[in-house]
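Quick notes on the structure that follows.
Read-outs: derived from the displayed coordinates by stated rules, not from any lab. Note that the coordinates shown come from a computational prediction; the quantities given were computed from them, not determined experimentally. Cβ coordinates were reconstructed from backbone atoms using ideal geometry, including for glycine residues, and neighbour counts include every protein chain displayed.
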Amino acid sequence: MSYEIKAEIREAQGTGASRRLRRENKVPAVLYGEATEPLAIAVDHHDIWFDLDKESFHTAVIKLDVAGKVHDVIVRDFQIHPFKPQVQHIDFQAVDANKPVNIRVPVHLLNAAASPAEKLQGGRVALLAQTVEVTALPKDIPASLDLDVSAINGGEIRHLSDLPYPEGVTSVALRRHENLAVAAASGKSK
């Protein structure tokens, strides 16, 4: 899914200026990257609030239009108010289409209910890592990594090396020789 966001350059900075922006239903933001000087911007709160709720938004390359100039960006960080439904701040990182980026990608378990651990051994399959950090070119960033656990038995563990990585995508932890656990099954072993 592709996302396009319009932004405006903000001149005033600081706590008071940010509060005034939020009262106008805008979110203070910053755009930074290798080929870009850090730039203070503001985006529409309504659009960002609903986009942040979508899982694919966090791994998508977004077209950010800042005063007529379009940047390819990814969301690096954001802050939500502790009790109000309000985005406090968002960071966008400009990306180069020819340079790989590190990004966290969600992990989904497939067929857990059909696994022997749940069907026959009275256990549960638990996801131990909600996200995995990968390296990929911006065009190759997957929306998620799907782990099929239909054959997992009680007491077994699935690791990063068991995840199917699309071509051009590598695990940062595996490159450091750290094969971390991603999913585990409880229940009586065979």
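Just a few scattered comments:
- Spin-label model, SER2/SER150: points 7 Å from Cα along the beta carbon direction are separated by 3.4 nm.
- The alpha-carbon atoms of the stretch 101-185 define a convex hull whose volume equals 75 cubic angstrom per residue.
- If R0 is 35 Å, the Cβ-Cβ spacing of LEU52 and ILE157 corresponds to a FRET efficiency of close to 0.65.
- Extension reserve of the GLU133-VAL70 stretch, reckoned as 0.36 nm per residue once the Cα distance is removed: 20.0 nm
- For the stretch 3-94, share of DSSP beta bridges that run antiparallel, in % to the nearest 5: 70 percent
- ALA35-ARG124 pseudo-label distance in nm [points 7 Å out on the Cα-to-Cβ vector]: 4.8 nm
- Nonlocal amide H pairs with THR131, under 5 Å, H built at 1.01 Å: VAL107
- Ordered by the number of other Cβ atoms lying within 10 Å of each residue's own Cβ, fewest first, ARG22, ARG104 fall into the sequence ARG104, ARG22.
- Computed with the Debye formula from one identical point scatterer per Cα of the stretch 3-94, without solvent, the log10 of I(q)/I(0) at q = 0.17 Å⁻¹ comes to -0.67.
- Subtracting the Cα-Cα distance of LYS63 and ARG175 from their residue separation scaled by 0.36 nm leaves 37.3 nm.
- Relative contact order (percent, whole number), the chain, Cα cutoff 8 Å, 6+ residue spacing: 18 percent
- Paramagnetic label zone (point 7 Å from Cα along Cα-to-C-beta, GLU24; backbone N under 13 Å) in the stretch 32-51: 41-45
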